[in-house]
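Read-outs throughout are calculated quantities, based only on the coordinates presented, and are distinct from any laboratory measurement. Keep in mind that this is a model prediction, so the values were computed, not measured. Every residue, glycine as well, gets a Cβ built from its backbone with ideal geometry; the counts of neighbours run over all protein chains shown.
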Amino acid sequence: MTLTLGAVAAEAAGCTNCGLAQGRTQVVFGMGNPDADLMFVGEGPGAEEDKQGLPFVGRSGKLLDRLVAEEMGLTRDLCYIANVVKCRPPDNRDPKPDEIAACRPWLEQQVELIAPKVIITLGNFSSKLLLDTTTGITKLRGQSYPMGDMITTSAVVIPTYHPAAILRGGGLQEAQMRSDLVRARIAMSR
Ligand code: URA
């Protein structure tokens with residue numbers, strides 16, 4: 001029997017595989033179209049996401065929605081959005097390696113069930129995890145890659161900055177992120 005994404009989400013809702021479970025309001029599993037051709041993978045939920053139970057609903061998410069609409073002509077209901085860790089790290093600290101490892105099976109199941117054509121990784125954590133590399137995002141971005149050996153999929157991975165970096169940084173990074181989104185749009189039409 002093949003599991004559905006809804007069944008996996010229901011199971012994840014009670015996850016206690018790492019210490020982040022203690023501090024969360026709720027698991028932020030992911031949202032969007034389970035048949036999407038395009039999937040985004042961020043880092044982990046922030047305060048607003050933890051409250052609402054949905055990914056990228058704060059300032060970063062609003063910026064992401066705008067850039068994706070402008071460069072790809074897509075709204076979030078047509079895509080699927082998930083994170084490397086599904087529970088909010090306290091004080092928005094970086095997720096730790098053991099937390100990433102504990103959460104990885106959920107993301108693997110999401111990628112397998114959605115089977116997107118293109119995965120856009122947002123920032124260092126998701127880019128390093130899916131491409132199985134220690135190279136940082138500044139060097140990685142600007143190209144497309146075959147998926148690392150995380151799971152078997154034919155998805156193309158396009159790493160780009162996390163929108164929070166654009167909010168902190170500015171013009172050059174935003175222009176680079178826009179060009180990465182255009183790269184993704186072209187990859188989706190192949
Ligand atoms: N940042 C992330 O990486 N993910 C979210 O869901 C929100 C902010």
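Buried (at least 16 other Cβ atoms within 10 Å of the Cβ), among the β-branched types (Val, Ile, Thr) and either in contact with an Asp or Glu (Cβ under 8 Å, 6 or more places away or on another chain) or free of Cβ contacts under 8 Å to residues at least 60 places away in the same chain (or both): does that describe VAL28?
yes
Taking the residues in the stretch 59-74 that are touching a residue at least 12 places away in the same chain (Cβ under 8 Å) and of a type in the set (Gly, Ala, Ser) as candidates, determine which candidate is farthest from the ligand (Cβ to nearest atom).
Only one residue tops the list, namely GLY73.
Look through the stretch 34-58, keep the residues that are more than 13 Å from the ligand (Cβ to nearest atom) and surrounded by fewer than 16 Cβ atoms within 10 Å (Cβ to Cβ), and return whichever of them is farthest from ALA155 (Cα to Cα).
Here the residue is PRO34.
Of all residues being over 13 Å from the mean Cα position of the chain (by Cα) and over 21 Å from GLU11 (Cα atoms) in the stretch 75-94, which is nearest to the ligand (Cβ to nearest atom)? Just the residue, please.
Of everything passing the filter in the stretch 75-94, ASN92 is nearest to the ligand (Cβ to nearest atom).
Name the single residue that is nearest to PRO159 (Cα to Cα) among those in the stretch 66-107 being surrounded by fewer than 18 Cβ atoms within 10 Å (Cβ to Cβ) and of a type in the set (Asp, Glu).
GLU71
For LEU107, which of the numbered conditions (1) in a loop (DSSP other than H, G, I, E, B); (2) of a type in the set (A, V, I, L, M); (3) closer than 19 Å to LYS128 by Cβ fails to hold?
(1)
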